[in-house]
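Written out below as C-alpha cells is the structure these notes cover.
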Amino acid sequence: MHEMSLVRSLLRQVSELLLEHNGDAVKTIHVEMGPLAGVERVLVELAFEQLIEDSLCRGAQLVIDEVPLSAICLECDVEFDIKLFRFVCRDCESQRIRVTGGDEFRLIDVDIEVTSGCEVRT
Ligand SMILES: [Zn+2]
C-alpha cells in the first residue's frame, strides 16, 4: 500500500524534528493533500493509526487539509482551481495549462511539546 510508505516517511520526518528540537511529544502533524496526490485519505488515516504506535510521534493528531487542484493558464496567465478534472482554462478554454497545486501530499507544520512548556512550531 502506497499510503503506508508515505506515512512511514512522514513519521520519520516528524520524529527527526522532535529530536532536533529536544521535544517530549508531538501534538499535531499537519499535512496537505490534493486530488492528484495519488493517495486516499481514509488509507492515510488508517496507515497513520497503525504506524504511530511504534513511532516517537505516539499520541499525535493528524490534521489533513484537502486542497483544490489549481493551475495557471499559459495563454492568458489566469490562475484558477480545476473543477471536475476539467483541464482547460477558466477564461480562454485553452488546454495549455500548468498544474500549480493539489498534486502532492506534504507536511505543512508540526506542533511539538517541550518540557519547558513553550511550543516549537516548524
Ligand atoms: Zn487562459
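With contributions of -39500 (n - 2.57) from each DSSP H run of at least four residues, the per-residue ellipticity at 222 nm computed over the chain stands at -8500 deg cm²/dmol. Once all protein chains are placed together, T100 keeps about 70 Å² accessible to a 1.4 angstrom probe.
Under a Cβ-Cβ cut-off of 15 Å, what is the net charge of the residues other than E104 that fall near it, where Lys and Arg count +1 and Asp and Glu count -1? Spell out each step's value before the answer.
Numbers: positive: R41, R98, R106; negative: E3, E32, E40, D65, E66, D103.
Result for the neighbourhood of E104: -3.
If you add up the charges near P68, with Lys and Arg at +1 and Asp and Glu at -1, over every other residue whose beta carbon is less than 14 angstrom from its beta carbon, what do you get? Cβ neighbours under 14 Å give a net charge of -4. Scanning the chain for chymotrypsin sites (Phe, Trp or Tyr not before Pro) lying in DSSP loops with no more than 13 further Cβ atoms inside 10 Å, the longest uninterrupted stretch between such sites is 1-84. Take every pair of alpha-carbon atoms less than 8 Å apart whose residues are at least six positions apart; their mean separation over the length of the chain yields a relative contact order of 33 percent. Expressed as a whole percent, the accessible area of the chain that falls on carbon and sulfur atoms is 47 (1.4 Å probe). Checking every one of the GluC sites (Glu not before Pro) in the range 43-122 against DSSP loop status and a limit of 16 other Cβ atoms within 10 Å picks out E53, E75, E93, E104. For V63, nonlocal amide neighbours, meaning residues 5 or more places apart or on other chains whose placed amide H falls under 5 Å from its own, are I29, H30, V31.
The values are calculated or read from the model by the stated rules, or taken from the named source; none is laboratory data. Computed from a predicted structure; not experimentally measured. Because the Cβ atoms are built from the backbone with ideal geometry, glycine has one as well, and the counts that use them run over all protein chains shown. When the accessible area is computed, the model is the full protein with side chains, heavy atoms only, and any ligands, DNA or RNA have been set aside. Shrake-Rupley method; radii C 1.70, N 1.55, O 1.52, S 1.80 Å.
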